[in-house]
Amino acid sequence: MRYLDAAAVRAAVSLPAAIAALRDGLAADAGGPQPVRTSRAWTGGELLVMPAEAGAVAGVKLATIGTGPVRVQGVYVLFDAATLTPLVVADAGALTLLRTAALSALAVDLLAPVSASTLAVVGTGPQAREHVAAIRAVRPISSVTVVGRTPSRAAALAAELDASVGSDVASADIVCLCTTATTPVVSAADLAPHACVAAIGAHVPDAREVAADVVASSFVVVDDPAAARREAGDLIMAVAEGVASESVFDVSLATLVRGEVARPGGRTLFKSVGFGLADLLVARLLAD
């Protein structure tokens with residue numbers, strides 16, 4: 001059994017490889033139905049347990065979400081499915097960072113206009129940085145705008161990414177929301193009519209990054225319907241407020257990958273909360 005730290009995980013799997021693994025795995029309906037992750041409040045934050053099985057491997061992610069300098073930590077254990085022998089233990093923070101951005105990039109590749117070239121990222125943490133790299137892997141991005149509540153952090157990230165600092169997302173073809181906000185950071189009036197929005201920051205039913213009118217005015221795709229119904233506060237609250245119907249949970253990224261649903265024109269919203277199969281589809285590359 002090998003242990004891979006964060007650097008080893010990143011060295012083993014590139015963003016394009018992770019995007020391809022997710023595309024191929026979802027297209028093949030790898031693993032079928034999977035258990036929804038469990039969550040438990042701990043003194044320092046939250047523990048997430050995310051198991052999944054697909055083909056020759058199974059795995060479980062034990063991830064913590066805290067308030068310290070490193071927000072997401074934990075381990076991923078990859079098993080041989082037939083013998084249940086542990087094969088790899090890997091840093092879950094690096095895997096989560098990679099998987100989340102790769103999943104958003106796959107959604108953007110399927111939802112955004114082919115000509116989309118302007119990107120705005122809201123947030124200044126690791127996921128914001130990773131999302132810029134991931135979106136650049138699927139679209140010819142000519143300009144990136146960083147929007148953040150702390151000017152110094154926004155400026156530092158923009159300098160690192162060869163981007164500019166902005167205060168709005170109105171001109172962006174693609175908008176990635178990578179925040180820890182619990183109340184909306186964008187409304188429908190803030191977005192271009194054709195914008196493709198990826199919202200990944202909120203994963204509890206009482207927190208959201210997009211206002212209800214964004215949900216109501218968008219073609220909505222979720223990473224996993226079962227998880228979204230329990231955890232996607234952006235959608236749950238919009239439905240509870242009567243602005244959107246339960247159908248916002250129905251279209252999964254997998255159905256889009258398999259061509260079972262066609263993308264309509266207009267604004268699109270990809271809402272991701274994370275699910276175990278996505279982690280496994282990327283983690284099994286670590287056994288190669």
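The values are calculated or read from the model by the stated rules, or taken from the named source; none is laboratory data. Everything numeric in this text was worked out from a predicted model, so none of it was measured. For neighbour counting, all protein chains shown are included, and Cβ atoms are generated from backbone atoms with ideal geometry for every residue, glycine included.
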message: I'd like to know if segment 28-45 contains one or more residues that are assigned to a strand (DSSP E or B), touching a Ser or Thr at 6+ places or on another chain (Cβ under 8 Å) and without any contact (Cβ under 8 Å) to a residue 40 or more places away in the chain.
response: yes
statement: Selection from segment 223-242 of residues over 14 Å from Ala212 (Cα atoms) and part of a helix (DSSP H, G or I) yields Pro225, Ala226, Ala227, Ala228, Arg229, Arg230, Glu231
message: Would you confirm whether or not segment 130-140 contains a residue that is of a type outside the set (Val, Ile, Thr), more than 24 Å from Ala92 (Cα to Cα) and surrounded by fewer than 24 Cβ atoms within 10 Å (Cβ to Cβ)?
response: yes
statement: Checked Ala134, Ala116, Ala120, Ala155 against criteria (under 13 Å from the mean Cα position of the chain (by Cα) and either in a helix (DSSP H, G or I) or at pLDDT 95 or above (or both)); the one match is Ala134
task: For Val273, state whether it is in contact with a helix residue (DSSP H, G or I) (Cβ under 7 Å, 6 or more places away or on another chain), modelled with pLDDT of 95 or more and within 28 Å of Phe79 (Cβ to Cβ).
output: yes
task: For segment 110-123, name all the residues that are out of contact with any strand residue (DSSP E or B) (no Cβ under 6 Å at 6 or more places or on another chain) and either in the same structural domain as Val13 (by TED's automatic domain parsing) or surrounded by 24 or more Cβ atoms within 10 Å (Cβ to Cβ) (or both).
output: Gly123
task: Could you list, in sequence order, all residues of segment 158-173 that are within 18 Å of Ala116 (Cα to Cα), part of a loop (DSSP other than H, G, I, E, B) and small (Gly, Ala, Ser)?
output: Ala163, Ala170, Ser171, Ala172
query: So which residues in segment 243-270 are under 22 Å from Ala188 (Cβ atoms), outside any helix (DSSP H, G or I), touching a helix residue (DSSP H, G or I) at 6+ places or on another chain (Cβ under 9 Å) and not aliphatic (A, V, I, L, M), if there are any at all?
result: Ser245, Asp250, Arg263, Arg267, Thr268, Phe270
- request: Among the residues of segment 49-77, count how many are in a strand (DSSP E or B), under 30 Å from Leu177 (Cα atoms) and more than 16 Å from the chain's Cα centre (by Cα).
  value: 15
task: Tell me which residues, restricted to segment 86-113, are under 14 Å from Cys196 (Cα atoms), part of a helix (DSSP H, G or I) and of a type in the set (Gly, Ala, Ser).
output: Ser104, Ala105, Ala107
